[in-house]
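A short worksheet on the structure shown next.
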Amino acid sequence: MFRYLAMFAIVALGLSGCSESTNPSTPTSFLSFKTGTYILSNVDVFGKSSTGTDSVLANYSDSVAVTGSAMITDSKGNAKNSQLYVKFIQGAPVDTTSLSESSDKSKLYRLYPMAYNISGVGVVDFGSHWTLLYDNASTTWTALQDSVSGIKATYMGMELTFDAAVKVNASKTGTEDLTINGAAVKTTKVKLNYVIQLYISSALGPIPVEPILVNAEYWLAENVGIVKTKQDPSAIKLGPPANQVIPFPGFVYTPTKFVIAQ
């Protein structure tokens, strides 16, 4: 099954500092809280039924904790001073990621580990990439544009080598009020559209595979951070045969409790 891109749902927030900026053009920090802060979330994993409606596949709770800070380098050698986050399910650590902001606090970056466990293929690792999750000065922007080569995978008993072109477009899509810890919080919604164009290496040259398309939404609050995340279900199409479709689910992370380190 596809790895749910679960760390899209990393939540970086500290409600103790929640307030509205008096100047909307003045950036506010999304990384203003201490090691030990954590959030509990309800997670709904869903797919599309044969009629095209959402079908809940699983429901569980998890937590994400701030564990420290460090200089983190992605697969292309880009280094950023970052806060570190660990995701837990039933008390066991299952994933990690990092968030970083620009020195003027106008941009928020997330380390995107692009490794997928695809049914019938196995783990396909595109490496980790810093992605521009939020840009205070823009309504639309390119969050990531990169390429990856020499990706190894096995499909239907065949050893394959892939190259990939990765592009992520981002946009602000409006505002929404959410209730968090009993208080109303105004959020800005950001949508990210991921396009991963795959090419199979062959003696005849690169063979294009239908691109992987992923849509994700984030709810961001000033002086708080990421408070909600949603990703739509999608699919990977491989061939031959041309009708080999490998679906992967979407998810919604909804916060249920915050514990702020003192």
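The values are calculated or read from the model by the stated rules, or taken from the named source; none is laboratory data. As the structure is a computational prediction, the values presented were derived from the model and not from experiment. Positions of Cβ are backbone-derived with ideal geometry, glycine not excepted, and every protein chain shown enters the neighbour counts.
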Task: Filter result for the condition that a residue is at pLDDT below 85 and of a type in the set (F, W, Y), over Y199, Y155 - done: Y155
Task: Residues located in the stretch 197-218, provided they are within 21 Å of the chain's Cα centre (by Cα) and among the aromatic types (F, W, Y) - done: Y218
TODO: Show the residue pairs that are 6+ apart or on different chains and have beta-carbon atoms under 9 Å apart, the first residue being within the stretch 154-174 and without any contact (Cβ under 8 Å) to a residue 12 or more places away in the chain, the second being aliphatic (A, V, I, L, M).
DONE: E159/A153
TODO: Identify all residues within the stretch 98-141 that are hydroxyl-bearing (S, T, Y), in a strand (DSSP E or B) and within 15 Å of N78 (Cβ to Cβ); write none if there are none.
DONE: S98, S100, Y109, Y112, S128, T131
- [ ] Just name the residue that is nearest to D125 (Cα to Cα) out of those in the stretch 76-95 that are small (G, A, S) and surrounded by fewer than 16 Cβ atoms within 10 Å (Cβ to Cβ).
- [x] G77
Open item on the list: Taking the conditions exactly as written (more than 18 Å from the chain's Cα centre (by Cα) and assigned to a strand (DSSP E or B)), does F162 satisfy them or not?
Closed with: yes
TODO: Would you tally the residues in the stretch 175-230 being surrounded by fewer than 16 Cβ atoms within 10 Å (Cβ to Cβ), over 30 Å from V124 (Cβ atoms) and either free of Cβ contacts under 8 Å to residues at least 40 places away in the same chain or hydroxyl-bearing (S, T, Y) (or both)?
DONE: 5
TODO: Could you tell me whether S98 is among the hydroxyl-bearing types (S, T, Y) and either exposed (fewer than 13 other Cβ atoms within 10 Å of the Cβ) or free of Cβ contacts under 8 Å to residues at least 40 places away in the same chain (or both)?
DONE: yes
Task: Some residue of the stretch 65-84 being modelled with pLDDT of 85 or more, part of a strand (DSSP E or B), charged (D, E, K, R) and touching a Phe, Trp or Tyr at 6+ places or on another chain (Cβ under 8 Å) - done: yes
Open item on the list: Condition first: farther than 20 Å from E217 by Cβ and touching a Lys or Arg at 6+ places or on another chain (Cβ under 9 Å). Now tell me which residues in the stretch 150-188 satisfy that.
Closed with: E159, L160, T161, F162, N181
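Would you mind finding the one in A92, A115 that is in contact with a Gly (Cβ under 9 Å, 6 or more places away or on another chain), modelled with pLDDT of 65 or more and among the aliphatic types (A, V, I, L, M)?
When all the criteria are applied, what remains is A115.
Out of all the residues in the stretch 115-122, is one or more among the β-branched types (V, I, T) and over 25 Å from I236 (Cβ atoms)?
no
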TODO: Considering every residue within the stretch 76-97, establish whether at least one is aliphatic (A, V, I, L, M) and closer than 28 Å to G174 by Cα.
DONE: no
